[in-house]
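Reviewing the structure listed below.
The values are calculated or read from the model by the stated rules, or taken from the named source; none is laboratory data. Predicted model only: the values in this text are computed from it and were never measured. Positions of Cβ are backbone-derived with ideal geometry, glycine not excepted, and every protein chain shown enters the neighbour counts.
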Amino acid sequence: MTRAYDIVKKDPHRVIIFDTTLRDGEQSPGCAMNLEEKLKMARLLDELGVDVIEAGFPIASPGDFEAVNEIARIVKNATVCGLARAKPGDIEAAGESIKPAASKRIHTFISTSPLHMKHKLKMGPNAVIEAVHESVTLARKYTDDVEWSAEDGSRTEDDFLCQCVETAINAGARTINIPDTVGYAIPHEFAARIQMLFNRVPNIDKAIISVHCHNDLGLAVANSLAGVNAGARQIECTINGIGERAGNAALEEIVMALRTRHDLMPFRNNIETTKIMKASRTLSNITGFGVQPNKAIVGANAFAHASGIHQDGMLKNANTYEIMTPESVGLTESKLVMSKHSGRHAFRKKLEELGFELGDNALNDAFARFKNLADRKREIFEDDLIALVEDEVIRENETIRFVSLQVVAGTTGPQTADLVVTVNGEQKQAKVEGNGPVDAIFKAIRAIVPHEGARLKLYQVHAVTGGTDAQAEVSVRLEENAKTVNGQGADADTLVASARAYIHALNKLMVKRSSVNPQTGETDAAASG
């Protein structure tokens, strides 16, 4: 039997957390990650304690295959999963990509709703049933751990869904996933569908039932929890809820709901919740997708209280307005007050508390930037340190590196940017006029490193902390030949942060330009769920 199946059979209240941030999450427009970023997230997900990491869709491109293969090599605890359509080539690619994993899974799927079968697959029910049997059988040649999904399962007819599920289990699937692919279901309806399978499929005890819910109606988490209450024992989700269209069920919301309302949902999982904030912030920095302030669990306002009545209650007893502690999700109160007087040892210690381990060179660079920031900023917060260090870490191997910037701005004009960078170690400079200081900076970068085919798709600024001396975090998105990259930069000077963000994106664009493995771009390569 599979690892997940054995876990659930030994502990019927155990819920398997299946994370698809690197596959379904990455399908969000603008969320594409490079290999280094995927490996970084995979390590974090493994530390977080997810049971299964869906690492990608190997057949989609050689780059996707390489990412799944490398993740399979480095992950220590989680099962590594590759996605495949019900096609031999897909399954063979998935099987080869996950070979190095200590625990491996193939997740194969096919549409089962009348709408999808008619218009997408152009296949009849009998042909779909045959494809289910053949795809699972082939996948079993690569691993005993095979998951089968009924794409658009929430709009599939009951009789046919039961027939497909029974066929998949007979062929050897040990996880059966019922996706609400288009976020159409309502919780009581979705729960009834899961319960129906337990009541009608004769071999249902030989598999775990999984749920994969999308958020088109804002019900992904509610539907997932309803599925678990009905007997499902695997939830498929993503960090920050990223994913196609309105996204997937958010891992952090699911896990904290199960933990906070254990009285009504007596289920267990393996997630180390104190690492949630780190995973959320890291993903946000990688993708350039900021988390909305009022987002549950990980939003900036999730543990903030503005109302006088609420503040009074909090001062008397935090439980009056907080149903979980900030510490439970990885928000810690500062034990070391960081200032311009802090030494290198205290700085290193504080970074270790925040989960960062830097080599000597990276530590020296980060400490120098910290001292510079402390000279300009009255109070240094944890979020300042996180932004500063993550900004330093992502620049370690950049070809184009920021050196200095002088800007002239104001109403009289002209607005100019005098920028110095190094390109492959060689210092270059440009002084350029623009329609405002940011425009001048970006034109200066273009003058030094021409990239006329790239278009700026996003420029976004937000403050890391409060106050007029807050650090700025800037996100930039560039697009060239349908390839999209995101860059981030942080600095107490918004214009410097803007330059750093654009240069970060440009470095990633250069990597994509040199790649000889572009994605296939098949319209049906987007996966189930």
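Set side by side, the residues ALA139, ALA150 differ, and just one is crowded, with 18+ Cβ neighbours inside 10 Å and over 17 Å from THR181 (Cβ atoms), which is ALA139. Do any residues in segment 413-439 that are at positive phi have Cβ atoms under 6 Å from those of residues that are assigned to a strand (DSSP E or B), where the two are at least six apart or on different chains, and which pairs are they? Note: pairs meeting the criteria are GLY436/GLN415.
Residue-by-condition table, conditions (1) surrounded by fewer than 18 Cβ atoms within 10 Å (Cβ to Cβ); (2) within 23 Å of THR143 (Cα to Cα):
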site: THR2; (1), (2): no, yes
site: ASP6; (1), (2): yes, yes
site: PRO12; (1), (2): yes, no
site: ILE16; (1), (2): no, yes
site: THR20; (1), (2): no, yes
site: ASP24; (1), (2): no, yes
site: GLU37; (1), (2): no, no
site: MET41; (1), (2): no, no
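Checking ASP145, ASP152 one by one, the residue that is closer than 11 Å to CYS81 by Cα and either assigned by TED's automatic domain parsing to the domain that holds ILE208 or hydrophobic (A, V, I, L, M, F, W, C) (or both) is ASP145 and no other.
Total residues in segment 351-378 satisfying the condition of being at pLDDT 80 or above and among the basic types (Lys, Arg): the figure is 2.
Please verify whether segment 237-257 includes one or more residues that are touching a strand residue (DSSP E or B) at 6+ places or on another chain (Cβ under 8 Å), of a type outside the set (Phe, Trp, Tyr) and over 30 Å from LYS483 (Cβ atoms). Yes - at least one qualifying residue is present in segment 237-257. Of the strands (runs of 3 or more DSSP E) lying entirely inside segment 425-529, those carrying at least 3 residues that are modelled with pLDDT of 95 or more are 426-434.
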